[in-house]
Amino acid sequence: MGNDKSFLSSTEQVPVTGDLPSHVAVIMDGNGRWAKQHNLPRIAGHRRGLESVRHIVKACADNGIPYLTLFAFSSENWRRPPSEVNLLMELFTNALEHKARKLHENGVCLRILGNTSPFGPKIRMLIQRAETLTRDNRDLHLTIAANYGGRWDITEACRQIARHVEAGQLNVEQLNEETVRCNLATAFLPEPDLFIRTGGEQRISNFMLWNLAYTELYFTDTLWPDFDLSKFEDALSSFAERQRRFGRTGDQLGDKRRVRNA
Ligand code: IPE
Ligand code: IPE
Ligand code: MG
């Protein structure tokens, strides 16, 4: 495992300013507050949030953005009242049951990211069925993070690496960043280019801690159920203005910039 070439991070290559992101990762926050604003139960906000999911999935497919990762349920969200957790599980079950075929027809490859073992047998079966159905699709890689936590992911990777060392398959001196990366549950994903958090909070809340090292961060007060196509365009426009440097100086990179829609 690990050689000089694979040690290079994917952030070595600086993308041209103005390009669209290849991977967008989103913390879909604010469903509860949206419901409160509308005098509705919190679950109505989560239900409405599914509409925003539909819009952003379509927008990514239409714009040729190949990777979209959505944070749906964190490893800390079990701390919520059991009634809300149960309703969220119901919503998740329903979405898996009724949306997988449509996603498949639209060329979407669906993956669930996270520790699925605490989910009931029905959810686990539906996850397996949806992933198998859509696994060869390449138009859009849609990843739903469910019972996911960045610290969980890094801890599990450490456990896996320790097993390799214990079994004599890996020498400790050979361990490098690529060893860690490829043992993460997110190993099948490229690094996110753009991170979006709706709902006004400016924090990461244990999402993709390893992967966000060089991601452009975008925070908006818009609540997730109100996050429509024009709000997504705003995030893309903000991203298009940013010069990524990955440690270099701006002068080293020159003013390479792609003009969109020109
Ligand atoms: C995000 O919306 C969805 C989940 C965490 C499941 P919230 O439910 O956190 O909404 P707010 O933050 O309470 O408004
Ligand atoms: C983060 O939102 C998790 C998801 C959107 C799934 P939270 O609402 O759980 O985050 P905190 O608790 O406000 O940090
Ligand atoms: Mg929240």
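Derivation of every value follows stated rules applied to the coordinates shown; laboratory data play no part. What you see is a predicted model; the values in this text were computed from it and never measured. With ideal geometry, Cβ positions are generated from the backbone for all residues, glycine too; neighbour counts draw on all protein chains shown.
Values for this structure:
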{"read-out": "Region 64-124 and region 203-262: distance between their alpha carbon centers, rounded to Å", "value": "25 Å"}
{"read-out": "Rel. contact order, % - alpha carbon contacts under 8 angstrom, at least six apart, region 58-182", "value": "34 percent"}
{"read-out": "GluC sites (Glu not before Pro) restricted to DSSP loop in region 121-174 with at most 16 other C-beta within 10 Å", "value": "none"}
{"read-out": "Under 5 Å, built H, 5+ apart or other chain: amide partners of N147", "value": "F73, S74"}
{"read-out": "The chain, relative contact order in percent, only Cα pairs under 8 angstrom and at least six apart counted", "value": "32 percent"}
{"read-out": "Note, ³J(HN,Hα) from phi for region 182-188, Karplus 6.51, -1.76, 1.60, rounded to Hz, x at Gly and Pro", "value": "7, 9, 7, 5, 8, 4, 7"}
{"read-out": "Dimensions in Å of the chain - Rg and Dmax from alpha carbons", "value": "19.2, 60"}
{"read-out": "Sequence-distant residues sharing a close amide H with D139 (under 5 Å, placed H)", "value": "C109"}
{"read-out": "Qualifying chymotrypsin sites (Phe, Trp or Tyr not before Pro) in region 157-262, DSSP loop, other Cβ atoms within 10 Å at most 14", "value": "F188, F246"}
{"read-out": "Close Lys-Lys pairs in the chain, where close means Cα under 22 Å and separation is 8 or more or interchain", "value": "6"}
